[in-house]
Amino acid sequence: KYMPNEPTEEYLVTAVAEPFRRALQRKGAMQHSSSSECVDAEFLLACNGAIHTMQSDFSCIRSARGFASAGIGADYALGALQALPNLTGRERVLAALQCAADLSPQVQPPFHVLQFPIPSTPSPRRKS
């Protein structure tokens with residue numbers, strides 16, 4: 001559960017990355033070496049108005065630009081994101097995905113953009 005005073009990166013690593021890691025372990029999707037465990041994928045996570053890349057080792061890095069992309073069509077998507085700053089977040093993501101699909105034969109729809117609300121914590125009650 002996200003706590004308002006908790007650093008976003010800490011929340012992403014503990015509350016988001018760890019469940020991802022466990023789910024991928026159960027599916028047998030993890031790659032193992034003598035000193036680490038990773039997955040052959042990156043994930044983009046938006047939280048508290050910032051975009052983060054969860055890397056193959058499950059570390060999370062915040063984008064300094066305010067947008068990011070991952071995968072084979074990343075360069076095309078970055079170009080679209082840079083060129084379309086006035087769209088809403090969801091419209092911008094979908095436009096970037098479509099641009100990557102138009103320019104890279106390895107990127108194909110359908111695209112699934114998932115959005116989850118962060119549960120809010122109730123305000124402390126005032127004593128009368």
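The values are calculated or read from the model by the stated rules, or taken from the named source; none is laboratory data. Quantities reported herein were computed from a predicted structural model and do not represent experimental measurements. Cβ: placed from backbone, ideal geometry, glycine included. Neighbour counts: every protein chain shown. All accessible areas refer to the heavy atoms of the entire protein, side chains included, with ligands and DNA or RNA removed. Shrake-Rupley method; radii C 1.70, N 1.55, O 1.52, S 1.80 Å.
Please state which of the following conditions residue 88 fails to meet, knowing it meets all the rest: (1) of a type in the set (S, T, N, Q); (2) open to solvent by less than 40 Å² (accessible area, probe 1.4 Å); (3) over 16 Å from the mean Cα position of the chain (by Cα). Condition not satisfied by residue 88: (2).
Residues that are over 15 Å from residue 56 (Cβ atoms), open to solvent by 70 Å² or more (accessible area, probe 1.4 Å) and not β-branched (Val, Ile, Thr) within the stretch 10-43 comprise 10, 22, 26, 27, 34, listed in sequence order. Of the set (1) in a helix (DSSP H, G or I); (2) at pLDDT 95 or above; (3) out of contact with any Phe, Trp or Tyr (no Cβ under 7 Å at 6 or more places or on another chain), all apply to residue 100 but (3).
Entry remark, the stretch 91-115: residues being closer than 21 Å to residue 49 by Cβ and surrounded by fewer than 16 Cβ atoms within 10 Å (Cβ to Cβ) number 4 in total.
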